Amino acid sequence: MTSGAAAGRYARALFDVVLKESPAEISAVESQLQQLAQLFAGTPALAAVMGNPAVPVTKKIAVTRALLERAGTLPAPLSKLAVMLAERDRLMLLPDVARVYRERVMDHQHVIRGEVTTASALAPEKLTALAQSLERATGRKIVLESRVDPSIIGGVVTRLGSTVYDASVTTQLQKMKQSLIEAGQ
């Protein structure tokens with residue numbers, strides 16, 4: 001099993017347990033899981049020790065338990081997951097687990113993350129208006145990130161999940177070029 005698939009299974013299991021035992025804590029667990037993942041992945045010395053196969057698993061478990069104690073009160077499913085990952089020598093999966101868990105939370109809350117690309121910076125009120133019209137069209141909450149790419153010349157390219165709405169000038173010009181080529185044949 002690939003590490004991505006394993007991270008997905010751990011994240012789904014954590015989400016299912018939290019949803020069943022304490023649904024009100026879903027977002028809190030997401031935040032704490034993200035912080036825990038940043039701690040393990042963002043601290044070079046800790047990442048080096050936890051990712052080193054020469055370090056015995058018992059030491060990794062002890063370090064994980066010590067960190068969890070210092071972290072204070074974490075929800076039981078999250079603490080159990082961290083210890084289980086340490087026991088299986090898979091703590092380096094935490095960032096991927098956090099990412100997949102976040103996706104599950106967003107799906108549960110009917111939120112779609114999107115990206116809007118324009119040739120020049122988009123005013124915040126225009127971004128909000130675009131998000132609202134997309135929410136009306138999809139029936140889901142939309143969270144948009146804005147990107148600038150001068151190569152599209154003008155217009156907008158919106159990506160919602162795997163769906164792309166391309167209304168860029170560059171694409172329109174390419175379509176016109178193709179039509180002219182086909183008409184000339």
Would you mind telling me which numbered condition in (1) surrounded by 16 or more Cβ atoms within 10 Å (Cβ to Cβ); (2) under 19 Å from the mean Cα position of the chain (by Cα); (3) not hydroxyl-bearing (Ser, Thr, Tyr) residue 134 fails? (2)
Do we find a residue being more than 24 Å from residue 110 (Cβ to Cβ), among the hydrophobic types (A, V, I, L, M, F, W, C) and surrounded by 15 or more Cβ atoms within 10 Å (Cβ to Cβ) anywhere in region 154-176? no
Does residue 85 satisfy the condition of being closer than 22 Å to residue 26 by Cβ, of a type outside the set (Lys, Arg), touching a residue at least 40 places away in the same chain (Cβ under 8 Å) and part of a helix (DSSP H, G or I)? yes
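Of the residues that make up region 146-154, is at least one basic (Lys, Arg), under 28 Å from residue 4 (Cβ atoms) and in the same structural domain as residue 13 (by TED's automatic domain parsing)?
No, region 146-154 contains no residue that is basic (Lys, Arg), under 28 Å from residue 4 (Cβ atoms) and in the same structural domain as residue 13 (by TED's automatic domain parsing).
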Being over 30 Å from residue 159 (Cα atoms) and in contact with a Leu (Cβ under 8 Å, 6 or more places away or on another chain), is that true of even one residue in region 90-110? yes
Considering (1) within 18 Å of residue 19 (Cβ to Cβ); (2) surrounded by 17 or more Cβ atoms within 10 Å (Cβ to Cβ), say which one residue 96 fails and leave the rest. (1)
Can you tell me how many residues within region 144-153 are surrounded by 13 or more Cβ atoms within 10 Å (Cβ to Cβ) and in contact with a helix residue (DSSP H, G or I) (Cβ under 8 Å, 6 or more places away or on another chain)? 4
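The values are calculated or read from the model by the stated rules, or taken from the named source; none is laboratory data. Please read all numbers here as calculations on a predicted model, not as lab measurements. Neighbour counts run over all protein chains shown; Cβ positions are idealised from the backbone, glycine included.
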